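The values are calculated or read from the model by the stated rules, or taken from the named source; none is laboratory data. Because the structure is a prediction, the values reported are computed rather than measured. Virtual Cβ from ideal backbone geometry, glycine too; neighbours counted across all protein chains shown. For accessibility, only protein heavy atoms count, side chains too; no ligands or nucleic acids. Shrake-Rupley method; radii C 1.70, N 1.55, O 1.52, S 1.80 Å.
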Amino acid sequence: MQITSADTLEFESLRELIGRYVSSPLGLRQLHMVEPSSDRAALESTLAETAEAVAYARAATQPQTAGRGAVVRVKFTSIPDSAEAVARLRIEGASLDARQIYDLTRLLDQAGEVRNLISAVDHRFPLLAARAAAIADFRDLLRALDGKILPDGSVADNASVALNRLRREIEKQQKSISESLERFLRQHREEGTLQEEFVTIRNERFVVPIVAGQRRRVDGVIHAASASGHTLFVEPLETIDLNNEMVRLKDEEAAEVARILRDLTDRLRQHSDDITLAFDAMGQLEFLFAKANFALDFNCVVPKFSPDLDRRLHLKEARHPLLEDVLRKHRKRVVPISVTLDEKTRTLLISGPNTGGKTVAMKTVGLLALMAHAGFPVPASEAEFPILEQVLADIGDQQSIQESLSSFSAHIHAIRKMLEVVGMDALVLLDELGRATDPEEGGALGVAILDTFRNAGAFTLASTHLTPIKIYGANTPGVLNASMGFDEETLEPTYVLRTGAPGKSAGLDIASRLGIEPQIIERARANMSTSERDIQRFLSELHERLEKASALESELVRERERLRQREESLERDWEKKRAAKIRELEQHSQELASRFEEQARQTIDEITKNVEQRKASEHAMRKVAKTRREFLEQSKTIAEQSAPPGAPAPKRIVIEEGVRVRLKGVRQPARVRRRIGDDLLEVEAGFMKMQVSVDDVEEVLPAETGPSRLPKGVTYEQGPRWDTSYREINIIGKRAEEASEEVDKFLDSAALAEIDRVRIVHGFGMGVLKRAVADLLAHNPHVEKFYPATASEGGAGATIVELKV
């Protein structure tokens, strides 16, 4: 990606800002490798991972239930820089020192923790889990290395048996040497040969300080002298052998330490590839979470990229992150800007007062474009960019005495380079176009330059004070004027970007606010031409009207939202009241129906005491059921009438002869034989034929398909079954309640099979089952009569039942 004036857009300063959220050298290495790119696939993949990291970091700050599935904050603090150690592992024969091994084991241990935390929520964050999956399981390796290296970077005594033995011998040898030297000091304390009474080390050998003039009175080897020459450090003759032994032990210790380090390095080298992957994964994960924490801190959004055939540059409430960081320290807020450009309108001309924020607005767009193309979240509420190949900027005064460039020549030199390379996938930023020369010529040149960039297909943002360029923006298709706000009362800029009209420069007003004497300002106003004053007055009136229109539009939007909320509130209240009324009606209806049915049943029971009036009672029961259905239907109609206007009416089931239906309370599907009037149906369910109300139909079943369907003109009717199971039941040994239930089901099955005579075997016993069966048969609607069986059929141990046919 080609970038000009990267220093002006302050991308490196942004990198430093994001670097505050990186804790270890691993993440910093990833941060410094990032550069803006035009690879759509790579960018969308990076931004998708960044979006997951933002979601993870946000979830980790929310209250949640502990356990698996909980999102725990991932920390990357105190991770050592093990880049050199990882590189040395790939060099066969090279050994790591103790500190490198210790740091590498810490890295692997922390990598395992990070992998476990993220893999626990892999269903919610699959992209992060895929990154963490690159970290292998190093638990066996870490257990093998555990305790071998101490935190201070030394090899532990228990790293090997030989090292432990050598260090114990060294301790004993040191004690022997100390005892020998202490004896020496005691012997020469009164002789005046000792400079001081202490033992020290020179050239890795234990020595004592001797007065230089007393050298001949002490037998030993001189290893060093003090800077003044008054003190000699002498190894007494009697300790030479002891020191020699100490040197030998130290050499053996060093050799054993070297062997241990080689062994530990070889263990790590066996996992070199996995360690390299874990090292890279930790750096990438830390960088992702650094971007996520930056996004949360600066209220950023993950940007999107528009399709190549429908390019769009859209920013809503965008803020310059570096400016926001500075203002935060002073407890001030950035005024956000919103910009929308597309294929039809690719050029935005920003005018308005000096110090009004025009340059900051362009820098904001330019820096946020670079951030998006580097895979960073951007500080805005909405952000969408086209894929850009170039970000070309001419911002600020580039004059140079060394290169003999004036302000104007430096300005033109920069624009010439941009014109040579500009393409349609470019974002062009031009600050104060046509500046530092005659306004008329500068305006004409600026219009020509803008038209060239527009014809090249680039997205262009330019700031200007020149009237010809403002007129160009008003009269040219695809070019949009915008202005920075200015408060006429306080004579201060508001830093609000408004599109649709150019702004006035307000140079005299700004000069007055900055302290120029009033008489000078008045003289300057008098020197302005009539046309210039008219233009300034027209722009002031135009902005005043735009502000009023904008305020009115905002008020209309707020009023529309209030009306919408009120309408929703009224609808919810009405729905609650309607539902409560319907429930009340339904409850009242059910109570009335149940009371009526109970009273009717009591009356009918009195009637049914006379056997001759049984048919009348059955007719009365049907009338009661019909009356109850009609009453409930009327209640339902009343509830439906309370429905809001325009509510859909309930659909009535259309039932034709021959269709299969499902009835309330009947498990087996039934087939409609014929209709009887408007409310009754004659149906056939298995072996039963009955008349039911239309309201008892729950649903119409689809027609039967498949090989079981008979050919046209052929009918099939199953005859009664004469299985033994339908003609006899044995309930001997059962409890009365259980037996009564089985006999009742048995009688139902027998009636469906059109059996006219059955036998119930209950045995003799105490007569409990016989009395229970008799009581059941006396009230069963299928039973015509019943009596004890003959001797050949079981006698008093069985009961014969004749069923109604």
Checklist outcome for this item: extent check for region 315-438: Cα max minus min per principal axis, descending, whole Å, gives 43, 37, 26
Item to check | Rg and Dmax of region 202-300, Cα atoms only, in Å | outcome: 28.1, 82
Checklist entry - What shape does region 289-343 have by the C-alpha gyration tensor, where a ≥ b ≥ c are the square roots of the eigenvalues, rounded means a/c under 1.5, and otherwise prolate means a/b greater than b/c and oblate the rest? => result oblate
Item to check | Greater than 23 Å apart at Cα, pairs in Lys304/Lys417; Lys332/Lys363; Lys291/Lys329; Lys316/Lys417 | outcome: Lys304/Lys417; Lys316/Lys417
Next on the checklist: Could you tell me the relative contact order of region 66-112? Use alpha-carbon pairs under 8 Å, at least six residues apart, and round to a whole percent.
Outcome noted: 39 percent
Item to check | Cα centroid of region 734-748 to Cα centroid of region 52-116, whole Å | outcome: 72 Å
Item to check | Binned Cα-Cα distances of region 250-328, short to long, each 10 Å bin given as a whole percent | outcome: 13, 21, 20, 16, 12, 11, 5, 1
Checklist outcome for this item: For the Glu567, Asp140 Cβ pair and Förster radius 51 Å, calculated FRET efficiency rounded to 0.05 is 0.15
Checklist entry - So what are the three principal axis dimensions of region 331-396 from its Cα atoms, in whole Å, longest to shortest? => result 32, 31, 23
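Rg to Rh ratio, region 26-99, alpha-carbon atoms and Kirkwood radius? Present the calculation step by step, with values, prior to reporting the outcome.
Values: Rg = 18.2 Å, Rh = 16.3 Å.
That ratio equals 1.11.
Roughly speaking, what is the stretch gain from Ala791 to Arg595, that is 0.36 nm per residue apart minus the C-alpha to C-alpha distance, in nm to one decimal?
Working: separation 196, 0.36 × 196 = 70.56 nm, distance 4.97 nm.
Extending this stretch completely gives an extra 65.6 nm.
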Item to check | Label-point gap, in nm, between Arg40 and Leu277 - each point 7 angstrom along Cα→Cβ | outcome: 3.2 nm
Next on the checklist: Bin width 10 Å, origin at 0, all Cα-Cα pairs of region 404-460: what percent of pairs per bin?
Outcome noted: 23, 55, 21, 1
Checklist outcome for this item: Normalised per residue, the volume inside the convex hull of the alpha-carbon atoms of region 216-268 in Å³ amounts to 76 Å³
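Would you mind computing the Rg to Rh ratio of region 728-798 from its alpha-carbon coordinates, Kirkwood style for Rh?
On the way: Rg = 11.4 Å, Rh = 12.3 Å.
Dividing the radius of gyration by the Kirkwood radius yields 0.93.
What is region 35-171's relative contact order, in percent, from Cα pairs under 8 angstrom and six or more apart in sequence?
Working: 105 pairs, mean separation 28.6, N = 137.
Value for region 35-171: 21 percent.
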Checklist entry - When ligands, DNA and RNA are left out and all protein chains stay put, how many square angstrom of accessible area per residue does region 1-127 have with a 1.4 Å probe? => result 50 Å²
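Could you check how many percent of all C-alpha pairs in region 87-177 are farther apart than 24 Å?
On the way: 1762 of 4095 pairs.
For region 87-177, the fraction of Cα-Cα distances above 24 Å is 43 percent.
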Item to check | P(r) tail fraction, region 1-138 - alpha-carbon pairs more than 17 Å apart, % | outcome: 71 percent
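Between Glu657 and Glu113, what is 0.36 nm times their sequence separation minus the Cα-Cα distance? Round to one decimal in nm.
Numbers: separation 544, 0.36 × 544 = 195.84 nm, distance 7.16 nm.
Gain on stretching Glu657 to Glu113: 188.7 nm.
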